[in-house]
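Student: After the structure tokens below, expect a handful of questions from me.
Every read-out reported here was derived from the displayed coordinates using simple, explicitly stated rules and does not represent laboratory data. Note that the structure is predicted; figures quoted are calculated from it, not measured. Note: ideal-geometry Cβ built from the backbone for every residue, glycine included; neighbour counts use all protein chains shown.
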Amino acid sequence: MELKPLLKNLFSGLTILSLAISISSCEKNDVDEGGSVNLKVVNASPNSTGMSFILANNVLISGGLDYTESSDYINTSAGSRMVAQFRTEGSSSNFASGELWIFRDLTYTVYLAGEGSNARVKFYQDNLSAPASGKARVKFLDFSNGIPVNINIKNGAGNNLVTNLVRDLPSSYQDIDSGALSLQIYDTALKTSIGSFDAGTLVAGKIYTIYITGSSSDNVSVHQVVHN
């Protein structure tokens, strides 16, 4: 038997197999059969109303999700490159779309963030373990395109809660005192104040995401998502 034809056939077979694996790994809506996640959906896009949410061609929310509103956790399929679409109720066009990589048995929150051409889909894994006794667990997100990309957040007493928070990237979780929470937001680079904001009341034992929205420095606002 000649070695060259054998090696040629072997190489061709490996090339085809590699190509098939590559195509499979790049496939959109690659559902993890039998795997599921819990997914909360939040509308954090100012001036948007009545949003529907579709994941991997399955309608999880059929209209009615207004700005600052969130769904309960929805049990849905896990998978990679899961196409997520937000649409205004009754529309067949996407308000914003993206891809989720959501792995079985985990918990996530997906957000419609930004406005107009800045509208986007962002998602994050949630930590639902109990906070310390008497504390609330909080992480922070900045979705505002109207303030600097990097910000610092302090509480009403002037103590740092988060330094150098980057737009669209979550802070780490932290356990903080329950009760009314006021925030002071600063430009990280210039150290100038962006404003003071009421972040609502935190209840001991609860887990929150506090997020910032606004298309300009004149309409920045702060909102809560409660995860438990």
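Student: To the nearest 10 degrees, how steep is helix 3-25 against the longest Cα principal axis of the chain, on a 0 to 90 scale?
Tutor: Once rounded, one gets 30 degrees.
Student: Do any of 28/206; 28/154; 122/154; 28/139 go past 32 Å between their Cα atoms, and which?
Tutor: Pairs exceeding the cut-off: 28/206; 28/154.
Student: I'd like the distance between the alpha-carbon centres of the stretch 102-158 and the stretch 164-228, rounded to an integer number of Å.
Tutor: Each part's Cα centre sits 9 Å from the other's.
Student: Apply the a/c threshold of 1.5 to the C-alpha gyration tensor of the stretch 28-155 and tell me whether it is rounded, prolate or oblate.
Tutor: oblate
Student: Return the FRET efficiency for the residue pair residue 219, residue 33: r is the Cβ-Cβ distance, R0 is 45 Å, and the value is rounded to the nearest 0.05. Could you put the intermediate results ahead of the total?
Tutor: Working: r = 45 Å, r/R0 = 0.99.
Plugging the Cβ-Cβ distance into 1/(1 + (r/R0)^6) gives 0.50.
Student: Residue 62 versus residue 91, label points 7 Å from Cα toward the beta carbon: distance in nm?
Tutor: 2.0 nm
Student: For a paramagnetic label modelled at 7 Å from the Cα of residue 188 toward its Cβ, which residues of the stretch 90-134 fall within the zone defined by backbone nitrogen distances under 20 Å?
Tutor: Under cut-off, by backbone N: 114, 122-125.
Student: Report the paramagnetic label zone for residue 163: residues of the stretch 112-154 whose backbone N is under 20 Å from a point 7 Å from Cα along the Cα-to-Cβ axis.
Tutor: 138-142, 148-154
Student: Taking neighbour counts of Cβ atoms within 10 Å as a proxy for exposure, in what order, fewest first, do 122, 28 appear?
Tutor: On the way: 122 22, 28 11.
With the fewest neighbours first, 122, 28 line up as 28, 122.
Student: Okay, next question. What FRET efficiency comes out for residue 69 versus residue 150 if R0 is 25 angstrom and r is the Cβ-Cβ distance? Round to the nearest 0.05.
Tutor: Once the sixth-power term is evaluated, E becomes 0.30.
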